[in-house]
Amino acid sequence: MAWGCALCLALAGGALLALLVQLLRWLRADGDLTLLWAERWGKKPEHELRGKVVWVTGASSGIGEELTYQLAKLGALLAISARREDELQRVKKKCLQISNLSENDILVLRLDLTDRSTHEAATNSVLKHFGKIDVLVNNGGRSQRSLFVDTNLDVYNAIIELNYLGTISLTKYVLNHMIQRKKGKIVTVSSVMGIMGAPLATGYCASKHALQGFFNSLRTELTDYPEISVIQICPGPVQSQIIQNVFTENLAKSIENSGDQSHKMPTDRCARLTLVSVANDVKEAWISDHPYLAVCYLWQYAPTWAWWLMNRMGKRRIQNFKSGIDADASYSRKKK
């Protein structure tokens with residue numbers, strides 16, 4: 001009997017220790033625990049993506065640009081798209097400098113996601129050049145910094161046209177090709193704002209919630225194609241040019257002061273975790289520091305607490321914005 005009690009105590013102690021270890025990992029985490037497990041124990045992007053044809057939209061800056069550089073170093077064949085062809089040429093030049101890729105391994109393809117009439121031809125151009133598309137990375141889009149009561153409705157129309165309709169339009173043509181091949185990966189850079197709500201980004205949140213709902217539904221329609229993966233990436237605040245290019249109260253106005261961005265997650269870390277997600281077919285990846293990562297968990301498992309917390313965080317976010325500093329500056333970890 002004593003031996004049995006000792007065994008029970010040992011098992012309980014082991015379980016408690018395991019729980020504490022997980023809690024410590026979570027407190028230090030910059031991604032959800034499933035993603036971080038995949039990073040440590042799962043498939044490596046270096047093995048899974050080498051030689052694959054990857055089409056990245058929004059590749060001229062920010063996360064898309066960094067993804068392009070990391071993919072080039074891995075040896076992926078690249079189609080890179082954005083509206084600014086001169087910036088794409090700059091990105092291509094750097095890719096050639098930092099990798100073993102040749103000129104023909106990188107296709108520069110100017111693309112406006114809001115001009116849906118061009119998406120079929122753009123897809124055919126990539127197929128003509130490479131013969132296939134293994135991975136589509138839907139990264140193009142714009143964020144928002146404005147209060148709803150101050151914002152013209154045509155701004156909301158523009159956000160939905162770009163972030164949502166433009167993304168699913170391009171996906172439709174690429175998916176037709178992947179269905180013919182019976183394999184491929186559709187990767188969409190959503191946001192933690194697709195999981196929660198936040199002030200100053202009502203239209204942006206709406207567009208990302210729409211993407212979450214669309215791709216979660218699309219995944220269920222593709223059960224007959226087990227080798228076609230639908231992957232959603234949900235970053236929190238990341239160091240990028242996204243703030244300089246946000247939608248504001250009206251379409252003609254740009255943001256005057258983007259504030260210091262150094263407290264946010266480095267772009268290269270976000271890109272690396274994105275590629276880990278792609279390599280391991282993680283259906284939904286949360287890539288963020290706390291407190292946004294914590295709020296994602298709360299929103300999933302304890303939404304009443306999440307609403308309470310976001311009301312308080314949101315008030316400070318608005319105050320920061322009106323003061324001319326970055327909206328997220330007061331509660332993000334400072335990066336060394």
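The values are calculated or read from the model by the stated rules, or taken from the named source; none is laboratory data. Predicted model only: the values in this text are computed from it and were never measured. When we count neighbours, we look across all protein chains shown, and the Cβ atoms used for this are built from the backbone with ideal geometry, even at glycine. These area figures cover heavy atoms from the full protein model, side chains too; ligands, DNA and RNA do not enter into them. Shrake-Rupley method; radii C 1.70, N 1.55, O 1.52, S 1.80 Å.
Looking only at residues in segment 145-158 that are out of contact with any Leu (no Cβ under 8 Å at 6 or more places or on another chain) and touching a residue at least 24 places away in the same chain (Cβ under 8 Å), the one that is nearest to Thr57 (Cα to Cα) is Tyr156.
Pairs linking a residue in segment 33-44 that is under 11 Å from Leu273 (Cα atoms) to a residue that is outside any helix (DSSP H, G or I) and modelled with pLDDT under 95, with Cβ atoms under 7 Å and 6 or more positions apart or on different chains, are Leu36/Ala29. Only one of the numbered conditions (1) more than 30 Å from Gly203 (Cβ to Cβ); (2) open to solvent by less than 40 Å² (accessible area, probe 1.4 Å) is not met by Lys43, and that is (2). The set of residues from segment 69-94 being more than 19 Å from Gly141 (Cα to Cα), among the small types (Gly, Ala, Ser) and part of a strand (DSSP E or B) is empty. If the condition is being open to solvent by 20 Å² or more (accessible area, probe 1.4 Å), in a helix (DSSP H, G or I) and either over 10 Å from Gly141 (Cα atoms) or charged (D, E, K, R) (or both), then segment 151-168 contributes Leu153, Asp154, Tyr156, Asn157, Ala158, Glu161, Leu165, Ile168. Cβ separations smaller than 8 Å between residues 6+ apart or across chains give the following pairs from segment 124-144 residues that are farther than 30 Å from Ala206 by Cα to residues that are among the charged types (D, E, K, R) and open to solvent by 30 Å² or more (accessible area, probe 1.4 Å): Lys132/Arg181.
Restricted to segment 233-336, the set of helices (runs of 4 or more DSSP H) holding at least 2 residues that are modelled with pLDDT under 90 comprises 303-323. Taking segment 127-145 as the range and being assigned to a loop (DSSP other than H, G, I, E, B), open to solvent by less than 30 Å² (accessible area, probe 1.4 Å) and not charged (D, E, K, R) as the test, the residues that pass are Ile133, Asn139, Gly140, Ser143. Here Asn104 fulfils each of the conditions (1) open to solvent by less than 80 Å² (accessible area, probe 1.4 Å); (2) in a helix (DSSP H, G or I); (3) under 29 Å from Arg181 (Cα atoms) apart from (1). When the residues of segment 201-212 are filtered to those that are open to solvent by less than 20 Å² (accessible area, probe 1.4 Å) and of a type in the set (Gly, Ala, Ser), the one that is nearest to Glu161 (Cα to Cα) is Ser207. Beta carbons closer than 6 Å, at least 6 apart along the sequence or on distinct chains, pair a first residue in segment 300-313 that is without any contact (Cβ under 8 Å) to a residue 40 or more places away in the chain with a second that is open to solvent by less than 100 Å² (accessible area, probe 1.4 Å) for Trp305/Leu298. Going by the structure shown, is Ala59 assigned to a loop (DSSP other than H, G, I, E, B), closer than 19 Å to Gln232 by Cα and open to solvent by less than 50 Å² (accessible area, probe 1.4 Å)? Criteria met by Ala59. Candidates in segment 169-200 are the residues that are more than 30 Å from Asn311 (Cα to Cα) and of a type in the set (S, T, N, Q); of these, the one that is surrounded by the most Cβ atoms within 10 Å (Cβ to Cβ) is Thr171. Within segment 62-94, the set of residues being of a type outside the set (A, V, I, L, M), open to solvent by less than 10 Å² (accessible area, probe 1.4 Å) and either over 21 Å from Met265 (Cβ atoms) or in contact (Cβ under 8 Å) with a residue 60 or more places away in the chain (or both) comprises Gly64, Ser81. Selection of first residues in segment 253-266 that are closer than 24 Å to Ala158 by Cβ and of second residues that are open to solvent by 70 Å² or more (accessible area, probe 1.4 Å) and modelled with pLDDT of 65 or more, restricted to Cβ pairs under 6 Å at least 6 apart or on distinct chains, gives the following pairs, ordered by first then second residue: Ser258/Gln244; Gly259/Ile325.
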